[in-house]
Each structure stands twice: as C-alpha cells, then as structure tokens.
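The values are calculated or read from the model by the stated rules, or taken from the named source; none is laboratory data. If you're wondering where the values come from, they're calculated on a predicted model, not measured in any experiment. As a convention, Cβ positions derive from the backbone with ideal geometry for all residues, glycine included, and neighbour counts pool all protein chains shown.
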Amino acid sequence: MFLRSCAVVLIAAIFYSQPTLAETKSNVTIAAPWEVASYDPAVSGYAIQKLEIMENLVDADEAGTLRPGLATSWSVSKDGLTWTFKLREGVTFHDGTPFDAASATSALERAWKQPGVLSKAPVKAVSAVEGSVMFTLVKPFAALPALLAHSTTIIPAPTAFDDDGKPSALIGTGAFKVKKFTPPQSIDLERNDAYWGKVPTIETASYLASGRAETRALLAESGDADMVFTLDPSGYSRLAEVESVKTIAVPIPRVVTLKINASHPFFANAKARQALSLAINRSGIASAITRFPEAAAGQLFPPALNIWHDPSLPRLEYDVDKGKSLLTELGWVAGEDGILIKDGKRFSILLRTFPDRPELPLVAAALQDQWREIGIELEVSVASYSEIPAGHQDGTLHVALFARNYALTPDPIGTVLQDFGPGGGDWGAMGWQNAEVAKALDIISSTGDQEKRAPYIANVARILHEELPVIPIVWYQHTVAIASGLQGVIVDPLQRSYGLSKVSWSK
C-alpha cells in the first residue's frame, strides 16, 4: 500500500437525525464541480467510475491496495509478457446482456487505442480466451493491473455504442444504473437490484455538476445536496458552523501545479523554470488561499505518496532575488516599466486555468503579482479546463495551472509515466524529456519489487525537482460536506469512488 493509512477517513454512524428520516429519504444527491459531457470513458470515465455505473477488471481500496473487480484473479507468465485476467461469472450489464470475455476485450481494446493510461503500456494485443482476457506485451510491465483500475479502462456494455462504434449510452455492470442523463449537468441513478456484489441500501441517487463553489456550499447548507465535494475556503469555514452538515478535509495525492511549456524559448533553460519557482510564495498561498498552511508544496510528490515523496530533497525555496539573478544570467534585462526584455521581446506570457476548482483563479491572481516582482508580465485566462490539453496539443500553451492527482492509478507509476514518459502528456511535461527519467520509468514499470524500484523512483523525484517541467505550489486537501444522518461515508483519497453503494440514512 503506497498511501498512508491516515489518509483514509471513515465517517461511521456519527450523524444523527429525526427518526422519520430513514422512512422518508432513500435518495442521495451529490454535487461536485465536474461536468459529465460525454458517454465516452476516455472523456468522462472519472465521473462514470465514481458513480459506480461502470466497473474495471481490477478494483482498489482506499489505501491503494489492488483487489478483484470484474476479474476475480490475474496472473503473469514467467517471462512477464502475458497477463491473464480471469473474469467473474454470472455478471450482467444493466440491459441484461451478459458480461463475458468478448465484451470485456472489445472495451479494453478500445481503451488501449484511445488517449489514456493504457496507451502508455507496452501492449501488443488484447484477446479473449475462455472466461478470461489476455494481454500480450512487448516487454514486461508489472503495473498493468494498476492501469486496469483507472477510470479510462472501465467497461461499457457493447450496447453502449451506436452502429458506428461511438459511445451513445451509459450502460455498465455497476451497483447503479442510469435513469436519466442530461449532459453535461446531471445524472439520475437507480439501484441495480441485479448487481453481482452487495446491493446498495439507497434506492436512487442524483449527480449535479455545479461549477461555482458558492452554489455548491449553498446546496449543502440548504440540504438540497447530501454530499458536496470541493469547497472553497470560505464556504468550508461557513459550513463548519452549520449543525446539519459535517465538513471534512482529507490530504490526498493531488497537487496544485504549474505546467510549463519547456519548448517555448522563454522556458527552454531549466534556470528560467527555477526562477519562476523561486518567485512563488507557497507558504503565503497555502495560508491565505487554501487555508491549510501545512500544505505548501516542498516538492512535487506529497507525503501521502509514501516512497515517491523524498524527505531528503531540499524544500522548494521562496527567494525573489535569486530568481531575478537566474533570469539576469539568461540575458533578461528590466525595461522601463520593470518587465524583462531580451532580444526585443517582453517577458509576457499567458496562464490558462479554470474555475471548477475554486482556489485556482485565486492562486493565478497571486502568481500574477508574485511573478511581476521578478519582471514577468502574466496574463490570466480563466476558461474551460479543456483549454489546457488543447493548448498542449496545438503547441500554443505557455503556462497552465491545475490540480493533478498522482494516484489516478493505484500505483502512481501509471500517472507518472503518462505525464513524464517519452512525449510528455496533456497534464504533464510539455516540450521536455529526459533520457534518465525515461530509463528509470521503464525499470519502475517493469517490476513490482519495491526494493528494486526505490532508487529509480528517488532518481525520478530528484530530476523533476531540479528540472521543474511542472512546478508544484500546494499539496491538496480534499474538502467535503456531508449531510447529517448520512452514514457509512468514505472519503476516498484516490478519488475513484463516491462510495454510494456503502452509504445509508440513519434511523
């Protein structure tokens, strides 16, 4: 288990309500910032998985330990090139069609050929054998089971696709099935009474995508939402005083970070990226904006990631004079208005971010002021989160601010490989690659031996710390508001599930 056990928060039967609550309430409403704009697991799998509509071959608990999902077991050949996943019997999709090797293989072949973590694995072929799915690899890849727990590898029914193979419905094997989907704002669910596992207690559930943090806080306060995720600091503080609501903040392996286009001439030299980092007052941002002072990021990987976090690394500094000095070394000279100039070009750049995580625009505004102290003119664009991967793909991105979860796969190598492997990734490195990192990631992903992995993981952490293809700002606290009377809630630090199948209303 790579996540510290203290990150797992179980809210047991500590909520109390009127005796009639259980008789009158069998629905749970969730409010979160994230729109669900597509039927496609490659696009909206993160929400479909969290709502327990579709499932993976491999599941994981809140500590990151892999466990059976739609596959009851898995094994690998002695040469490490063939993985076999034995499928659970007697499972049906929500429309009554059988879950079998053919349907699983079809879905996973599609996931392999789509953008996502599975495309980073050295897969040669995916095939159906009797009662199992077989992966044939080009080279050993020990992290494959962890990748098969990722949201982009959930398994839709064959009937979830139209005649052209395009996703057109949300039909899976999960504990809840879709009654109504109104993209991108809402999904209404009902209990899957034919579920292969333990049937949920609650009968129905609703998901509401609400982009404004103030609105989500009001939904919690009014009782119109029973579980509300990602609160802004002021809303979190206010709700802490509301008797009908329980608030909680869980440290998770997510980092508010800056993605830097290292192919841009302003940032090609690591000294320029180091200068940007030196001008960031992380402690001030953590105290004033996120209001968790202890969350100032001293390095990229937070303590919750255990061996990926290296306490021997020197903490990232705040030193404006040193940042100015590095830029002077690179030939930048202050103009009349204090903005740096080199070869007739002003150090003027655009930062892209989005409002779905309420702290991001505030952090962007702070960076605007802090970077001006070293002579950088920063324009901020707050728009859709899709602008960031779009800017990566077309090469127009300068800098992006977002929050990245490095445990999107239970083994962080899945996300790290996606972000910092050859070619980088939409939410990782851009215009930056390092042969030493590529070699280390190859070794880390090829073995499950933690002793063998450890020095290579440490080397990756060190190089990212020095080269700064992405610049960490604060480690994340996952803030949640939960209605009084809702029991059995688990706040998942991996953010794979809202835990709907485990909750119930107290009597």
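Looking at the stretch 382-418, which of its residues are among the β-branched types (Val, Ile, Thr) and in contact with a Pro (Cβ under 6 Å, 6 or more places away or on another chain)? Show your work before the answer.
Just the residues of the stretch 382-418 that are among the β-branched types (Val, Ile, Thr), to begin with: 382, 388, 396, 399, 409, 413, 415-416.
Listed by number, the list holds a single entry, Val382.
With the structure loaded, tell me whether Gln450 is within 17 Å of the chain's Cα centre (by Cα), among the polar types (S, T, N, Q) and within 27 Å of Leu313 (Cβ to Cβ) or whether it fails that test.
no
Restricting to the stretch 177-196, give me the number of residues that are under 25 Å from the mean Cα position of the chain (by Cα) and either of a type in the set (D, E, K, R) or within 14 Å of Val91 (Cα to Cα) (or both).
2
Ala149: in the same structural domain as His94 (by TED's automatic domain parsing), crowded, with 24+ Cβ neighbours inside 10 Å and among the small types (Gly, Ala, Ser), yes or no? Break it down stepwise before answering.
Details: in the same structural domain as His94 (by TED's automatic domain parsing): yes; crowded, with 24+ Cβ neighbours inside 10 Å: yes; among the small types (Gly, Ala, Ser): yes.
Judged against the criteria, Ala149 is a match.
Please find, among Ser77, Ser38, the residue that is surrounded by fewer than 18 Cβ atoms within 10 Å (Cβ to Cβ), in the same structural domain as Thr159 (by TED's automatic domain parsing) and within 22 Å of Tyr498 (Cα to Cα). Working first, answer last.
Details: Ser77 fails: within 22 Å of Tyr498 (Cα to Cα).
Checking each option against the conditions leaves just Ser38.
For Asp394, state whether it is of a type outside the set (Gly, Ala, Ser) and free of Cβ contacts under 8 Å to residues at least 12 places away in the same chain.
Numbers: of a type outside the set (Gly, Ala, Ser): yes; free of Cβ contacts under 8 Å to residues at least 12 places away in the same chain: yes.
The answer is yes for Asp394.
Which residue is nearest to Ala481 (Cα to Cα), if the candidates are limited to the stretch 41-69 and must be among the acidic types (Asp, Glu) and at pLDDT below 95?
Residue satisfying both the conditions and the ranking: Glu62.
Only one of these is free of Cβ contacts under 8 Å to residues at least 40 places away in the same chain, part of a strand (DSSP E or B) and in contact with a helix residue (DSSP H, G or I) (Cβ under 7 Å, 6 or more places away or on another chain): Ser119, Ser127. Name it.
Ser127
Does Asp356 meet the test of being touching a residue at least 60 places away in the same chain (Cβ under 8 Å), farther than 28 Å from Ser283 by Cα and among the charged types (D, E, K, R)? Spell out the reasoning first.
On the way: touching a residue at least 60 places away in the same chain (Cβ under 8 Å): yes; farther than 28 Å from Ser283 by Cα: no; among the charged types (D, E, K, R): yes.
Spelling it out, it is not the case that Asp356 is touching a residue at least 60 places away in the same chain (Cβ under 8 Å), farther than 28 Å from Ser283 by Cα and among the charged types (D, E, K, R).
So Ile155 ticks every box in (1) in contact with a Phe, Trp or Tyr (Cβ under 7 Å, 6 or more places away or on another chain); (2) crowded, with 18+ Cβ neighbours inside 10 Å but one. Which box is left unticked?
Here Ile155 meets the rest and fails (1).
Of the residues in the stretch 80-98, how many are closer than 29 Å to Lys179 by Cα, buried (at least 18 other Cβ atoms within 10 Å of the Cβ) and not aliphatic (A, V, I, L, M)?
Adding up the residues that qualify gives 3.
If you scan the stretch 253-274, which residues turn out to be farther than 18 Å from Ile463 by Cβ and among the hydrophobic types (A, V, I, L, M, F, W, C)?
If the condition is that a residue be farther than 18 Å from Ile463 by Cβ and among the hydrophobic types (A, V, I, L, M, F, W, C), then Val256, Phe266 are the ones that fit.
Please determine whether any residue of the stretch 322-341 is surrounded by fewer than 21 Cβ atoms within 10 Å (Cβ to Cβ), modelled with pLDDT of 95 or more and either within 20 Å of Asn405 (Cβ to Cβ) or aromatic (Phe, Trp, Tyr) (or both).
No, every residue in the stretch 322-341 fails to be surrounded by fewer than 21 Cβ atoms within 10 Å (Cβ to Cβ), modelled with pLDDT of 95 or more and either within 20 Å of Asn405 (Cβ to Cβ) or aromatic (Phe, Trp, Tyr) (or both).
Residues to consider are Thr136, Thr159; find the one that is within 22 Å of Thr92 (Cβ to Cβ) and either part of a strand (DSSP E or B) or in the same structural domain as Lys78 (by TED's automatic domain parsing) (or both).
On the way: Thr136 fails: within 22 Å of Thr92 (Cβ to Cβ).
Testing whether each residue is within 22 Å of Thr92 (Cβ to Cβ) and either part of a strand (DSSP E or B) or in the same structural domain as Lys78 (by TED's automatic domain parsing) (or both) leaves just Thr159.
Assuming Ile388 fulfils every condition listed in (1) closer than 21 Å to Ala296 by Cα; (2) at pLDDT 95 or above apart from one, which condition is it?
That leaves (1) as the condition not met.
Give all pairs with beta carbons closer than 6 Å in which a residue from the stretch 24-46 that is closer than 12 Å to Gly211 by Cβ meets a residue that is hydroxyl-bearing (Ser, Thr, Tyr) and in a loop (DSSP other than H, G, I, E, B); count only pairs at least 6 apart in sequence or on separate chains.
Going by the 6 Å Cβ cut-off, the qualifying pairs are Ala31/Ser210; Pro33/Thr230.
From the list Glu243, Glu203, Glu214, pick out the single residue that is charged (D, E, K, R), surrounded by fewer than 16 Cβ atoms within 10 Å (Cβ to Cβ) and within 23 Å of the chain's Cα centre (by Cα).
Details: Glu243 fails: within 23 Å of the chain's Cα centre (by Cα); Glu203 fails: within 23 Å of the chain's Cα centre (by Cα).
Only one candidate qualifies: Glu214.
Could you check Gly414 against (1) free of Cβ contacts under 8 Å to residues at least 60 places away in the same chain; (2) over 16 Å from Ile349 (Cα atoms) and say which number it fails?
(1)
Please determine whether any residue of the stretch 401-409 is hydrophobic (A, V, I, L, M, F, W, C), touching a Ser or Thr at 6+ places or on another chain (Cβ under 9 Å) and closer than 19 Å to Ala272 by Cβ.
Yes, that holds for at least one residue.
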